[in-house]
Amino acid sequence: MELVERAAHLLAQLGVILLVAKLFGELFERYLKQSAVLGELIGGMLIGPYALGHLIRLPGTQEPLFAIPHGHVGSIPLSPELWGVAQLAAVLLLFGAGLETDFRLFLRFGIPAFVVAMGGVIFPFLFGVVLTVMFGFADNLMHPSALFMGAVMTATSVGITARVLSELGRLGTPEGVTVLAAAVIDDVLGIIVLAVVTNIVQVGQVDARQLLGIAAKAFGFWLVLTCLLTALAPTLAKFLRSLKSEGAFIALALALCFLIASLTESVGKLAMIVGAYALGLALSRTELREDLEHALRPLLHGLVPIFFVAMGMLVNFSAMLPALGFGAALSVAGIVGKVFGCGLPALTVGFNTLGAARIGLGMMPRGEVALIVAGMGLAYKAINEAEFGVAIMMTFVTTFLAPIVLVPLFRNPQSGVRVKEAKVHG
């Protein structure tokens, strides 16, 4: 296609994607009482190139709107233009997530949250790695495919849990605050795991000693980047607030976000979302935070659904069918890994069985971070289409079940902390 035709084709794709995203999101949120993300994901599955995409045509067009591009490279069945917009949306999503981070939660429940988060990363990661090898999708525990599937398992999407707790008026409880704080730490640890795995994919298979070296390098780069941005953030915020022309501060903040994301990929050899998250994290402690969140919100509403629909469009149903057993096992492991991986450590930091169950189930849902990791694994050819479909299945199952089991647990009026700690929290 000519450049103008390709641009028009992209605009038509984005129009249909947003239409599907909002309609399915509304359906799931209003009538099924589930997250809009699930609706966007399923909508993407339906209009993807492996489902109805090759049948969707607009008047005057010769090609199907979502057909697999001719001569497409790699495992991504989307045009480079559409994939680029989806990656832009992912960068904005993580930039916004960094801005929403509340460091005060660490000061209040830092140690319990860290203990919970560590269990919520280690156990699911090990389950993902071992199951990938057991089902024959990798031949050893250090294989990039196994490591990427393990990384997918570590993510936690606290958005659904936060909404349930907000509706029940339980966000301020010890369990609620611990879940939210642990989810922040969990995101940081998950991003570091992603950075390590991405680096391994780029250099090939490694042994345990090399793995530790890569982990130290990735953590060091992330730590230096975050500390540098945090140190510069007050000066940067003061400069941005001094700008008088309309929209200048958000435009320059986005420019910095995109530049740091790009440099993180090209210089640090880490995922672009690592840099975006680090910048958001740094700016979250400045007076510019609320202004940025307010200005960024319309962009997130308009672009982020494109990412989730695009992730759904990557699901190859025919390739996933032979891996349904793996998908079921990974879904069970996704539940067990978070419930026990977070719940058992919670018992050691002052919570009783009820409180530990609330925390473990509150940490169970996966979401945007898991989809980003899975999408990157597919793009890097570290996982295949069957494994990607399995990751989507695990994300859907854990996210769908979380609200169902959380509501009765938090409606129970009994305290979730042991008597001694309950007096302290009170």
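The values are calculated or read from the model by the stated rules, or taken from the named source; none is laboratory data. Quick caveat: nothing in here was measured; it's all calculated off a predicted structure. Neighbour counts are summed over all protein chains in view; Cβ atoms, including those assigned to glycine, are modelled from backbone coordinates with ideal geometry. Ligands, DNA and RNA are stripped out before the accessible areas are found, and what is left, the full protein with its side chains, is counted by its heavy atoms. Shrake-Rupley method; radii C 1.70, N 1.55, O 1.52, S 1.80 Å.
The figure for residue 286 is an accessible area of roughly 20 square angstrom, using a 1.4 Å probe on the protein chains alone. Near residue 34, the amide H atoms lying under 5 Å from its own belong to 29; only residues 5 or more places off or on other chains count, and H is placed 1.01 Å from N.
Rolling a 1.4 Å probe over the protein heavy atoms leaves residue 238 with an accessible area of roughly 150 Å². Pop the C-beta distance of residue 414 and residue 46 into the FRET formula with R0 = 45 Å and round what comes out to the nearest 0.05. Step by step, r from the Cβ atoms, then E = 0.55. Across the protein chains, with a 1.4 Å probe defining accessible surface, the residues 415, 318 rank 318, 415 from largest area downward.
You can think of it this way: the chain between residue 239 and residue 55 has 61.1 nm of extra reach, that is 0.36 nm per residue less the Cα-Cα gap.
Applying 1/(1 + (r/R0)^6) with R0 = 45 Å to the Cβ-Cβ distance of residue 67 and residue 347, what FRET efficiency is obtained, to the nearest 0.05?
0.30
Ranking 203, 85 by solvent-accessible area of protein heavy atoms (1.4 Å probe, all protein chains present), from largest to smallest, gives 203, 85. Between residue 354 and residue 297, the distance separating the two model label sites (each 7 Å from Cα on the Cα→Cβ line) works out to 3.6 nm. Taking Cα centre as origin and charging only the Cβ of basic (Lys, Arg, +1) and acidic (Asp, Glu, -1) residues, the dipole magnitude of the chain rounds to 1100 debye.
Rolling a 1.4 angstrom probe over the chain with all protein chains present gives an accessible area of which 68% lies on carbon and sulfur atoms.
Based on protein heavy atoms only, the chain ends up with 43 Å² per residue of surface accessible to a 1.4 Å probe.
Within the chain, the selection of entire DSSP H helices by a Cα span of 18 Å or greater along the long axis and an average Kyte-Doolittle value of at least 1.0 returns 3-26, 80-99, 104-134, 174-203, 208-242, 248-266, 324-347, 385-411.
If R0 is taken as 30 Å, the Cβ-Cβ distance between residue 285 and residue 122 corresponds to a FRET efficiency of 0.60. These residues, 81, 63, go from largest to smallest accessible area, 1.4 Å probe, as 63, 81. Per-residue ellipticity at 222 nm from helix content only, as computed over the chain with -39500 (n - 2.57) for each DSSP H run of at least four residues, stands at -25000 deg cm²/dmol. Of the residues 21, 34, 10, the one whose Cα sits farthest toward the positive end of the charge dipole of the stretch 1-51, with +1 on the Cβ of Lys and Arg and -1 on the Cβ of Asp and Glu, is 34.
Once all protein chains are placed together, residue 139 keeps about 110 Å² accessible to a 1.4 angstrom probe.
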